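Written below as structure tokens is the structure these notes are about.
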Amino acid sequence: MKKLLLLIAAILIHFAAATAQSCLPEGITFRTQEQIDNFQTNYPGCTEIEGDVTIQGNDITNLNGLSVLASIGGKFEIRSNSSLGSLVGLESLISIGGNLFISDNSMITNLVGLDNLTTIGGYLWIRVNISLSNLAGLESLTSIGDYLEIRSNNTLTSLAGMESLNSVGSSIIISENNSLTNLEGLDKLTTIEGYLWLKSNASLADLTSLENVVHIN
């Protein structure tokens, strides 16, 4: 029975490896919901996009069509999507080779959907998401290769959701988040290779979540 289970597991692994493939070294931009819905039909078996990915379109309402994506080799931009209510649909995404840019998405309240993202090779930039209240969804993120910038998210009250983050390869910039009261979510952060810049966060009164930081370059 044990040998049979091992054989089945081996077949499944082989099948997954055979069916998974990379695509789009030149990258892709999604501007309509139809493009997202048809992604798996247009690029069958593609789980790894080699180039950059941009999601930018006022009629985009969900990302379910991208549920097979496991990695993006280049940068990943999610910006100016006025009808997008959440990032659900990106649960299979594990790594981003370049930058992750989340900006001007007026309906997003958290980052649920990025739950399995563990590494970002470049920077993480979260800017001007006017309904964003916390960073839930980033619980698996352990490292950011470049800098972390969280700016002008006026309803953001904490950084809860980043509890696994322990290192940032460059600087941390947290500014102009008027409702941010504490830095909860950065409790495991130990190393900042650049500088730490906290500016114009009108309600920020508590820095105790930084007590484990032992190195700022």
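Summary of values
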item: Spin-label model distance (nm) - T142 vs Q21, 7 Å beyond Cα toward Cβ; result: 3.1 nm
item: Mean projected area (nm²) of the alpha-carbon convex hull when segment 161-217 is viewed from all directions; result: 3.5 nm²
item: Sum of -39500 (n - 2.57) over DSSP H runs of 4+, divided by residues of the chain (222 nm, nearest 500); result: -3500 deg cm²/dmol
item: Principal-axis tilt of helix 2-19 within the chain, Cα atoms, nearest 10 degrees; result: 80 degrees
item: Nearest-0.05 FRET efficiency for T118 and L210, computed from C-beta distance (R0 22 Å); result: 0.45
item: Contour minus Cα-Cα distance for R79 and S67 (0.36 nm per residue); result: 2.5 nm
item: Dipole of the chain, positive direction: furthest Cα of I49, G27, S82, with charges on the beta-carbon; result: I49
item: Measure of compaction for segment 7-155 (Cα Rg per 2.2 N^0.38 Å); result: 1.04
item: Kirkwood Rh in Å, taken over all unlike Cα pairs in segment 73-217; result: 14.8 Å
item: Most fluctuating residue given options S131, S203, S179, as computed from a GNM of the chain linking Cα atoms under 10 Å; result: S203
item: Fewest-first ranking of V88, V112, using other Cβ atoms within 10 Å as the exposure measure; result: V88, V112
item: Pair T157, S92: separation of 7 Å Cα→Cβ label points (nm); result: 3.5 nm
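No lab work stands behind these numbers, since they all come straight from the coordinates. Keep in mind the model is a prediction, meaning the values are calculated, not measured. Neighbour counts run over all protein chains shown; Cβ positions are idealised from the backbone, glycine included.
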